[in-house]
Amino acid sequence: MSTQNPAPWTSKIVTAVLVLADGTVIEGTGAGATGIAEAEVCFNTSITGYQEILTDPSYAGQIVTFTFPHIGNVGANADDMETLADSETGGVTGAIFKMPITPPSNYRSAVDFDTWLKKRGIIALCEIDTRALTAHIRESGLANAVIAHDPNGNFDLDALKKRAAEWSGLEGLDLAPTVTISAPNEWTQKPWVWDEGYADGTSPKYHVVAMDFGVKRNILRLFSGLDSKVTVVPANTSADDILALKPDGIFLSNGPGDPAATGEYSVPEIKKLSESGLPLFGICLGHQMLALALGARTTKMHQGHHGANHPVKDHTTGKVEIVSMNHGFAVDGESLPLDVEETHVSLFDGTNCGLRLTGKPVFSVQHHPEASPGPQDSHYLFRRFLNLIKETKGEALVDERA
């Protein structure tokens, strides 16, 4: 069965569709790569940073619906990439926009956005009511779906509905192997400076080992900016191999998929690392798997948190910060053991957004303090981690809020 061309009084020709597991069919025009792919549909409320969002490895296995209507105005460039493992792959399966892709109009643009989407294999759907789709997700939850783009508009809707309904979804899915690096790698690049670009750190004082479950580049840059060399290791690296690198601190990265699935091999190693006495810091998936290693539980969320305008309260300071978030699983705050303190909480829905292990230099957060994209309210967490390293060395501390 194929879709029919629109009535003669309208010029719109359907060249892309989104088919939800419940049988809903949403028609629009295609952009980016052609083909068919199944994934989970979420929505993101950010109004900036679309390239960083689409190259965030945490979005592997997902289709991102942008609630901001105009996407493409800054084009794309090599500096705003977030995926580490392979610059040509990693990140989202598909993208959905309200309007046709906007032509680039920015001095940093190196390639138009549609060409960039094609190169990365991202299927895009344009000219649909993204507000209605967002409302559907809010009411019905994150949706399993199939996205398809065919310039000729030929779609077998019955087959696509069947494929969407039969896709297993993200629960129970370990996606870290699809986005992690294949071998240890050293990172020295520091944060971007306006009109100067990136610089490399020289003679760093500290050494951080980062477990890569789908790490974002800006996380590594912020570590490097705090006088640290970062050794990035694959997701399946053992605790013994990490400790053999003699780090001053250990980092558990963000990443995609179900933390319980990735945790089948990583949680035992993370537990050993948390008992090592070394400072340990986790973000997003790393936060979730640290919680599992400490005896807590994780759950699948109804609609997840995706955007750069989420209010989170830091109980350790009493302050509220606006943060960037991207997760569809969460730590069950009620399941935290007695020796684990909840440090951060979402002011949207009360879900857990941070923890620390009492008596040890171990902590983690659910949100993305690297702010790429997003506000920089949570940059202090990297200085908090640096202070834990300094404490173990008997050095003077830095001001977290500097």
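The values are calculated or read from the model by the stated rules, or taken from the named source; none is laboratory data. All values derive from a computational prediction rather than experimental measurement. Note: ideal-geometry Cβ built from the backbone for every residue, glycine included; neighbour counts use all protein chains shown.
Observations, loosely collected:
- Subset of the stretch 295-324 (residues that are surrounded by fewer than 21 Cβ atoms within 10 Å (Cβ to Cβ) and of a type in the set (S, T, Y)): T299, T316, T317
- Residue match in the stretch 185-194 (condition: more than 22 Å from D79 (Cα to Cα) and not in a loop (DSSP other than H, G, I, E, B)): no
- Of all residues in the stretch 345-380, those satisfying the criterion of being in a loop (DSSP other than H, G, I, E, B) and hydrophobic (A, V, I, L, M, F, W, C) are L347, F348, A371.
- Within the stretch 325-348, the set of residues being among the aliphatic types (A, V, I, L, M) and surrounded by 16 or more Cβ atoms within 10 Å (Cβ to Cβ) comprises M325, A330, V331, L336, V340, V345.
- For the residues A124, A145, A176, A210, the requirement of being under 21 Å from I250 (Cβ atoms) and either touching a residue at least 60 places away in the same chain (Cβ under 8 Å) or among the β-branched types (V, I, T) (or both) singles out A176.
- The number of residues in the stretch 149-166 that are buried (at least 17 other Cβ atoms within 10 Å of the Cβ) and under 26 Å from the mean Cα position of the chain (by Cα) comes to 3.
- Which numbered condition E391 misses (of (1) farther than 30 Å from E40 by Cβ; (2) crowded, with 20+ Cβ neighbours inside 10 Å): (2)
- Test: residue in the stretch 200-207 that is within 17 Å of A176 (Cβ to Cβ) and of a type outside the set (A, V, I, L, M): no
- So E342, is it part of a loop (DSSP other than H, G, I, E, B) and in contact with a helix residue (DSSP H, G or I) (Cβ under 6 Å, 6 or more places away or on another chain): no
- Condition met for K313 (of a type in the set (K, R) and at negative phi): yes
- Conditions (1) in contact with a strand residue (DSSP E or B) (Cβ under 9 Å, 6 or more places away or on another chain); (2) farther than 22 Å from D258 by Cβ; (3) in the same structural domain as T55 (by TED's automatic domain parsing); number of the one not met by W187: (3)
- Screening L222 against (1) within 23 Å of R401 (Cβ to Cβ); (2) in contact with a strand residue (DSSP E or B) (Cβ under 8 Å, 6 or more places away or on another chain) leaves a single unmet condition, (2).
- Among the candidates V193, V179, residue that is touching a Phe, Trp or Tyr at 6+ places or on another chain (Cβ under 9 Å) and either modelled with pLDDT under 95 or within 29 Å of F97 (Cα to Cα) (or both): V179
- Residues of the stretch 240-291 satisfying the condition of being under 17 Å from the mean Cα position of the chain (by Cα) and polar (S, T, N, Q): S253, N254, T262, Q288
- Selection status of G35, under 22 Å from the mean Cα position of the chain (by Cα) and surrounded by fewer than 24 Cβ atoms within 10 Å (Cβ to Cβ): no
- Flag for T351 being farther than 20 Å from S58 by Cβ and either touching a strand residue (DSSP E or B) at 6+ places or on another chain (Cβ under 7 Å) or not assigned by TED's automatic domain parsing to the domain that holds F213 (or both): no
- Scanning the stretch 246-262 for residues that are free of Cβ contacts under 8 Å to residues at least 60 places away in the same chain and surrounded by fewer than 22 Cβ atoms within 10 Å (Cβ to Cβ) yields a single hit, K246.
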